[in-house]
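So the structure is just underneath, and the comments pick up after that.
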Amino acid sequence: MFGEEGIDLSEEDKALLSAWRELIERRYYKDIESLLAYRDEVFGFDVQHHDLASNDILRSAFHEQPVHCLELGNTVLKEQFQRAGVHMRGVLRVVGLGDEYRTTIDALRMRNRYKLVSIDVKIVEVSDAYGWLKVAAYRCRDCKDEQTIVQRRARERESPHFCMACIRKAQESDDENQVPVSLLARRPNFALVTEDCFYEDAQSLRVRQVVYDDEGHVLNDAAPESLEAVVADEMVGRLTPSTYYRLNAVVKLEPLRDRTFAKDTRRVLSLEVISAEELALFPA
Ligand SMILES: [Zn+2]
């Protein structure tokens, strides 16, 4: 869904792709080959943060733009899975984040949005699993050219504003009658191609901070503040209520659940989980 083909990559992204490729080939290719017997649809592939951080490009990209960095990493993982003949869809799960990412739920503020954090929590509630349209595919009704648009969860679906293929055609043509309808129409002329859309499995969790001592005895897991955390892909269905996890996540802003008008500006913080590590704790 995010390929190198047909996309003009920036120099930074090219460097990031080769850094991922170097790391995965050198350090993780044997692990990928050992997955040949697995038959899952999606496989969460653990990468240790200290391995990633040993490369300057990966370390700073993961820190500054974790979601984009992982997207490019997943492209490389897909390519390496194919190379090894593994038929699952691999999803990178960076684990073992350093202490600099550790924080607590009550310390999170709006300024932390898009930041990477690592928080120890108790899973309090788990929603039903649901799917959401992550990448929508559109076909131009004039020239049948297809394009995809990455969507945002819990937001209105976005459609393309124009068709590049039609613009090119119009530029090359002198005949005014040849101008495609989609360039003249107030509403762009696109159809959603459902069979080419990508739906991601997701699940919302409600989590509370857990505080524990050095031996892993829980001191407090009933703080008043709770937070929504969203997991996807192979993590759906894995995290169950009353268990403890270290969630490594990107802080996101989400619209209020009970908003009654579309342009409501109120937002709540939420966690987009990039990996979850179970904590072996002893409840009080
Ligand atoms: Zn077109």
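Can you confirm whether segment 89-103 contains a residue that is of a type in the set (Val, Ile, Thr) and within 24 Å of VAL211 (Cβ to Cβ)? So far as segment 89-103 goes, yes, one or more of its residues are of a type in the set (Val, Ile, Thr) and within 24 Å of VAL211 (Cβ to Cβ).
Residue-wise test of (1) assigned to a helix (DSSP H, G or I); (2) farther than 29 Å from ASP99 by Cα.
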position: GLU12; (1), (2): yes, no
position: ARG21; (1), (2): yes, no
position: LYS30; (1), (2): yes, no
position: LEU35; (1), (2): no, yes
position: VAL47; (1), (2): no, no
position: HIS50; (1), (2): yes, no
position: ILE57; (1), (2): yes, no
position: CYS69; (1), (2): yes, no
position: GLY73; (1), (2): yes, no
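Among residues of segment 258-284 being at pLDDT 95 or above and part of a loop (DSSP other than H, G, I, E, B), the one that is surrounded by the fewest Cβ atoms within 10 Å (Cβ to Cβ) is ALA280.
Of these, VAL117, VAL76, VAL95, which one is surrounded by 15 or more Cβ atoms within 10 Å (Cβ to Cβ), touching a residue at least 24 places away in the same chain (Cβ under 8 Å), over 24 Å from ARG238 (Cβ atoms) and within 17 Å of the chain's Cα centre (by Cα)? Just a single option satisfies the conditions, and that option is VAL76. Evaluation of VAL86 against the conditions (1) farther than 24 Å from VAL250 by Cβ; (2) at pLDDT 95 or above; (3) surrounded by fewer than 16 Cβ atoms within 10 Å (Cβ to Cβ) shows that the sole unmet condition is (3).
Let's see how each residue does on (1) within 16 Å of the ligand (Cβ to nearest atom); (2) in contact with a Pro (Cβ under 8 Å, 6 or more places away or on another chain); (3) part of a helix (DSSP H, G or I):
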{"position": "VAL91", "(1), (2), (3)": "no, no, no"}
{"position": "GLU100", "(1), (2), (3)": "no, no, yes"}
{"position": "SER118", "(1), (2), (3)": "no, no, no"}
{"position": "GLU125", "(1), (2), (3)": "no, yes, no"}
{"position": "LEU133", "(1), (2), (3)": "no, no, no"}
{"position": "ARG153", "(1), (2), (3)": "no, no, no"}
{"position": "PRO160", "(1), (2), (3)": "yes, yes, no"}
{"position": "ILE167", "(1), (2), (3)": "yes, no, yes"}
{"position": "ALA170", "(1), (2), (3)": "yes, yes, yes"}
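Every condition in (1) in contact with a strand residue (DSSP E or B) (Cβ under 7 Å, 6 or more places away or on another chain); (2) more than 18 Å from VAL268 (Cβ to Cβ) is met by LYS144 except one, and the failing one is (1). Residues that are within 13 Å of the ligand (Cβ to nearest atom) and free of Cβ contacts under 8 Å to residues at least 40 places away in the same chain within segment 142-151 comprise CYS143, LYS144, ASP145, GLN147, listed in sequence order. Among the numbered conditions (1) modelled with pLDDT under 95; (2) more than 13 Å from the chain's Cα centre (by Cα); (3) assigned to a strand (DSSP E or B), the only one that ARG111 does not meet is (3).
The values are calculated or read from the model by the stated rules, or taken from the named source; none is laboratory data. Everything numeric in this text was worked out from a predicted model, so none of it was measured. Glycine gets a Cβ as well: all are built from the backbone with ideal geometry, and neighbour counts include every protein chain shown.
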